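Have a look at the structure below, then the notes.
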Amino acid sequence: MNDQITTAKEGSFARFTIEKRVPSILSDLVSHNRFSSAVEFSLKAFMESVPAGSLTTLDTSYPFSAGINASLENHCDYNWLNAPFLFLENYLYHKIAEICGFFSNRHDYFLYKKEADIRGGREKISRELQRINSIHSFPEISLLNLMGNRADLSQSSLSYSADSKSELLIDHREQATDIIAESRQVHIVLDNAGEELFYDLLMVYWFFKNTGIRKIHLHFKQLPYFVSDALISDYRHLLKILSEDKTTEWFVRDMNRFEEEEMLVLSDNPYWSSGELYSQIPERLAGEFSDADLVIFKGDLNYRRLVGDNDWKWDTETASLVNYFPSDILISRILKCEVMTGLDQEAVPDRNKTEWMFSGNYGQLELVRSHNSGL
């Protein structure tokens, strides 16, 4: 136990991802974009290399290519079916960015999927905005926000049904309410664009209207990552779509006002797209969180990078794994990976099978107090 999760185990979610999901992601990417013939040829060649081909180094002029290349050079035996899962996923999206020339043209080749998610959910978005003022507590808004995490477009073939309190394996909403009541500055490290990003903005709106929080920092990715991870351009695009509807344009005006008054701060430090564990967070970036009353980490990828992408015992204390972080943390995710910590043994849904860990049927809202909090 506690070993790093790799793709070596047949029947694992990691192996399934490489053998089935990655080829599907690459095929959809080619089908839904008008790439040049050269880019399309390279993408198809890359697709054919998964999972039987080798891992080739990245162009050294691209961000974080040096670290990825160093790992490949230090582990010559790495291939698609034996390497650390998190390393391979990070490698995948940086390789796609290289092939598509993202760092020169800034074209978001996953926008088609994010936009379809927003436009397909416009009626739901309108309904949620109509009832936002009837939500009076943090436990309510945090659960509503959590439901948005079901909208992971890289795993859209899965069926999610985590829509009640009974589905929460860890539920610290009441404890977090006490912190929210005293908070003035909150950071949210985002996960997905599309519908989930809307639910994040809905929570931002609720915080400003119902609490003493006066500043919220939203942290975005800097390149198209894990298909649906949110970029600042996704934020702009979402507001543009909502501004087209008279029933939702008021929300856009409020969000724009929050940003203009510097209550809402958008940033996209390249570190969030690096694939590195958060225990290795640069000192300067960590310093940005030192004054935060609470940092909310959304989704599986952030969780895996927080605690380590390892085969932890399920009752491993989460606090012992994130004690490097300088502020209180709220983990908010629907379970869609093979990592779980902080879970009481009696709360384990199934001791014999692990499908519950990535079925999307269970949620986690876990508060982890910082060693600096004095508690």
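What follows draws every value from the coordinates through simple rules; no lab data is involved. Here the structure is a predicted model, which means the values were calculated and not measured. Glycine also receives a Cβ, built like all others from the backbone with ideal geometry; neighbour counts cover every protein chain displayed.
When the Debye formula is applied to the Cα atoms of segment 23-107, each taken as the same point scatterer, what base-10 log of I(q)/I(0) results at q = 0.21 Å⁻¹?
Debye output, listed in q order: -1.06.
Can you spot the lysines whose alpha carbon is less than 25 Å from LYS240's alpha carbon? Ignore those fewer than 8 places along the same chain.
LYS113, LYS114, LYS124, LYS209, LYS215, LYS221, LYS298
Which of LYS353, LYS313, LYS336 moves the most in a Gaussian network model of the chain with Cα springs under 10 Å?
Largest GNM mean-square fluctuation: LYS353.
Size of segment 177-241 along its principal axes in angstrom, Cα-based, largest extent first?
35, 21, 16
For segment 192-235, list residues with backbone N below 16 Å from a point placed 7 Å from the Cα of ASP254 toward its Cβ?
The answer is 198-216, whose backbone nitrogens lie closer than 16 Å to the label point.
Pop the C-beta distance of PHE41 and VAL348 into the FRET formula with R0 = 45 Å and round what comes out to the nearest 0.05. Mind dumping the intermediate values first?
Numbers: r = 48 Å, r/R0 = 1.06.
The computed FRET efficiency comes out at 0.40.
Just to be sure I follow: if Rg is taken over the C-alpha atoms of the chain and Rh is the Kirkwood radius over the same atoms, what is Rg/Rh?
Details: Rg = 20.1 Å, Rh = 21.3 Å.
Across the chain, the Cα-based Rg/Rh ratio is 0.94.
Enumerate by residue number the chymotrypsin sites (Phe, Trp or Tyr not before Pro) in segment 265-350 meeting two conditions: DSSP loop (anything except H, G, I, E, B), and at most 16 other Cβ atoms within 10 Å of the site's Cβ. It would help to have the intermediate numbers written out before the result.
Details: sites: TYR271, TRP272, TYR278, PHE289, PHE297, TYR303, TRP312, TRP314, TYR324; in loops: PHE289, TRP312, TRP314, TYR324.
Answer in residue order: TYR324.
Starting from the amide H of ASP229, placed 1.01 Å from N in the peptide plane, find each other amide H under 5 Å away whose residue is 5 or more places distant or on another chain.
Correct list: ALA193.
What distance in nm separates the two pseudo spin-label positions at THR247 and ASP291, each 7 Å out from Cα along the beta-carbon direction?
4.1
What relative contact order, as a whole-number percentage, does segment 13-105 give when Cα pairs under 8 Å and 6 or more residues apart are counted? Spell out each step's value before the answer.
Details: 58 pairs, mean separation 28.4, N = 93.
Computed value for segment 13-105: 31 percent relative contact order.
Sort 212-223, 125-136 by the packing proxy (mean of other Cβ within 10 Å over each peptide's residues), most packed first. It would help to have the intermediate numbers written out before the result.
Details: 212-223: 20.1, 125-136: 14.0.
For the peptides 212-223, 125-136, the packing ranking is 212-223, 125-136.
Which distance in Å, rounded to a whole number, links the C-alpha centroids of segment 170-195 and segment 320-370?
Here the two parts' Cα centres lie 16 Å apart.
If we sort 224-232, 103-111, 167-175, 201-209 on the protection proxy, mean other Cβ atoms within 10 Å, highest first, what's the order? Provide the component values of the computation, followed by the final result.
Working: 224-232: 23.6, 103-111: 15.3, 167-175: 18.1, 201-209: 20.7.
Sorting 224-232, 103-111, 167-175, 201-209 by mean packing, highest first, produces 224-232, 201-209, 167-175, 103-111.
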